[in-house]
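Where a number appears in this text, it was derived from the coordinates with a stated rule and is not lab data. As the structure is a prediction and not an experimental result, all values here were calculated from the model. All Cβ positions, even for glycine, are placed from backbone atoms using ideal geometry, and neighbour counts span all protein chains on display.
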Amino acid sequence: MKLSLSAVVLSCLCCFVLTSHAEINIKKCQPNQNDYIIFDEYDSNIAEKIIDFKLHNQPEKRESSIIKIFANENNDDRNDWIASFLFDDQSEQYLFYQVDQDNFVEVDKKQFEALLPKIVECNLNKQVPIYSENFDED
């Protein structure tokens, strides 16, 4: 009896650990003081890094996917990036990236919806991605 109880407890703990969400800390954003948004080669390289991480250089999948990447419009305060990928089969995947730690975190829809408002809080238009591909508003 004790063995089966231990197995149940261990199973529950494993399930909890696998389904728990890692804590992602995002510092308060700094608003963009310019009348324009700077998106330079450095930012383009970050966007490419995010896409390559998720799609692993799959050009066919990239061409047919809707990719939206969000970050702070203020290029001096652009550490946290979050991306959504909508694939042909209508499945979605999400990826969070922190530049200073060079760290990728796969997130689910609930985490994406919680993190996105924090990342774009200081942006003038919070719905428009800073970078996108195959998105109607390009």
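Screening the candidates Val128, Val105 for the property of being β-branched (Val, Ile, Thr) and over 18 Å from Ser44 (Cα atoms) yields one hit, Val105. Taking the criterion of being surrounded by 13 or more Cβ atoms within 10 Å (Cβ to Cβ) and either free of Cβ contacts under 8 Å to residues at least 12 places away in the same chain or farther than 15 Å from Ile130 by Cβ (or both), the residues of the range 31-63 that qualify are Phe53, Lys54, Leu55, Gln58, Lys61, Arg62. Checking the structure you have, find out if any residue of the range 116-133 is buried (at least 17 other Cβ atoms within 10 Å of the Cβ), part of a strand (DSSP E or B) and touching a residue at least 12 places away in the same chain (Cβ under 8 Å). For the range 116-133, residues buried (at least 17 other Cβ atoms within 10 Å of the Cβ), part of a strand (DSSP E or B) and touching a residue at least 12 places away in the same chain (Cβ under 8 Å): present. In the list Asp77, Asp89, Asp100, which residue meets the criterion of being of a type in the set (Asp, Glu) and either over 30 Å from Asp35 (Cβ atoms) or within 9 Å of the chain's Cα centre (by Cα) (or both)? Every option except Asp89 fails the conditions. For first residues located in the range 78-93 and among the hydroxyl-bearing types (Ser, Thr, Tyr), partners that are surrounded by 16 or more Cβ atoms within 10 Å (Cβ to Cβ) and assigned to a loop (DSSP other than H, G, I, E, B) and lie 6+ apart or on another chain with Cβ distances below 9 Å form the pairs Ser84/Pro129. Candidates in the range 60-74 are the residues that are farther than 18 Å from Phe112 by Cβ and of a type outside the set (Lys, Arg); of these, the one that is nearest to the chain's Cα centre (by Cα) is Glu73.
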